[in-house]
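Working notes, beginning with the structure itself.
The values are calculated or read from the model by the stated rules, or taken from the named source; none is laboratory data. Owing to the predicted nature of the structure, the values given are computational and were not obtained by experimental measurement. Cβ placement follows ideal geometry from the backbone for every residue including glycine, while neighbour counts extend to all protein chains displayed.
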Amino acid sequence: MPASLCGTWEMLSNINLEGYMIALGIGLSTRKIALKLKQRKVIEQVSDKYVIKTLSTFRNYVFSFRVDEEFDEFTKGLDETHCKSVVTWEGNRMVCIQKGEKKNRGWAHWIEDDKLHLELYCEGQTCKQVFKRVA
Ligand code: VL7
């Protein structure tokens, strides 16, 4: 079993969020606000169901899923599009593929050196985030 991703995590670094947001088609004014945010990640698991909450003072993004089961994702408050998403484990990485109007879109979470790592990618742009555990 991979190390548990569950817990509350606070952002330490956030590389190329700008490129990722441009790839998603986010407008300039929203990008300027989003770049200043220190995001928090809350990951919870109840039996085979996960909830991932991305929290900030500006907006929150919450969704839940079961591993290996495709679901309809609406990226409310982000780029506001519909995706057919599926989350799987690839070794110690929790990997999501988001099929929708954007090509090559998804993310991956893993633990390394007690930190939570996240890569968000869309159409050739990758945003790399690292979080430290706070609870
Ligand atoms: C989601 C920023 C930028 C629009 C608002 C910024 C509000 C706080 O999808 C994500 O994480 C996955 C994996 O943990 C789970 O959904 C990251 C936030 C990344 C996207 C788009 C800017 C508008 C930021 C919600």
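Observations, loosely collected:
- Answer residue from the range 98-135, given it is hydrophobic (A, V, I, L, M, F, W, C) and away from the ligand (no atom under 12 Å from the Cβ) and is modelled with the lowest pLDDT among those: Ala135
- From the list Trp89, Trp110, the one residue that fits, being in contact with a Pro (Cβ under 8 Å, 6 or more places away or on another chain) and surrounded by 14 or more Cβ atoms within 10 Å (Cβ to Cβ), is Trp110.
- Qualifying residue in the range 62-69 (condition: assigned to a strand (DSSP E or B), within 14 Å of Gly7 (Cβ to Cβ) and either among the aromatic types (Phe, Trp, Tyr) or at pLDDT 95 or above (or both)): no
- Residue in the range 26-37 that is in a loop (DSSP other than H, G, I, E, B) and either in contact with a Cys (Cβ under 9 Å, 6 or more places away or on another chain) or basic (Lys, Arg) (or both) present: yes
- Within the range 52-73, residues that are aliphatic (A, V, I, L, M) have Cβ atoms under 7 Å from residues that are near the ligand (Cβ under 8 Å from one of its atoms) and assigned to a loop (DSSP other than H, G, I, E, B) in these pairs: Leu55/Gln39, counting only partners at least 6 apart in sequence or on another chain.
- Residues of the range 97-125 that turn out to be of a type outside the set (Gly, Ala, Ser) and either free of Cβ contacts under 8 Å to residues at least 12 places away in the same chain or in a loop (DSSP other than H, G, I, E, B) (or both), as a count: 9
- When Ala23 is tested against (1) near the ligand (Cβ under 9 Å from one of its atoms); (2) surrounded by 17 or more Cβ atoms within 10 Å (Cβ to Cβ); (3) small (Gly, Ala, Ser), exactly one condition is not met: (1).
- Among the candidates Lys53, Lys76, the residue that is more than 8 Å from the ligand (Cβ to nearest atom) and assigned to a loop (DSSP other than H, G, I, E, B) is uniquely Lys76.
- The condition of being part of a strand (DSSP E or B), within 18 Å of Trp9 (Cα to Cα) and touching a residue at least 24 places away in the same chain (Cβ under 8 Å) holds for Val42.
- A search for C-beta distances below 6 Å between a residue of the range 8-31 that is at negative phi and any residue that is part of a loop (DSSP other than H, G, I, E, B) and at pLDDT 95 or above, counting only pairs 6+ apart in sequence or on different chains, returns Thr8/Val134; Glu10/Val134; Met11/Lys38; Met11/Gln39; Ala23/Glu123; Leu24/Asp79.
- Tally, over the range 1-18, of residues that are within 15 Å of the chain's Cα centre (by Cα), more than 10 Å from the ligand (Cβ to nearest atom) and not aliphatic (A, V, I, L, M): 6
- A count restricted to the range 116-135 and to residues that are farther than 19 Å from Ile26 by Cβ and surrounded by 15 or more Cβ atoms within 10 Å (Cβ to Cβ) stands at 4.
- If you go through the range 57-100 and keep only what is of a type in the set (Phe, Trp, Tyr) and over 19 Å from His117 (Cα atoms), you end up with Phe58, Phe65, Phe71, Phe74.
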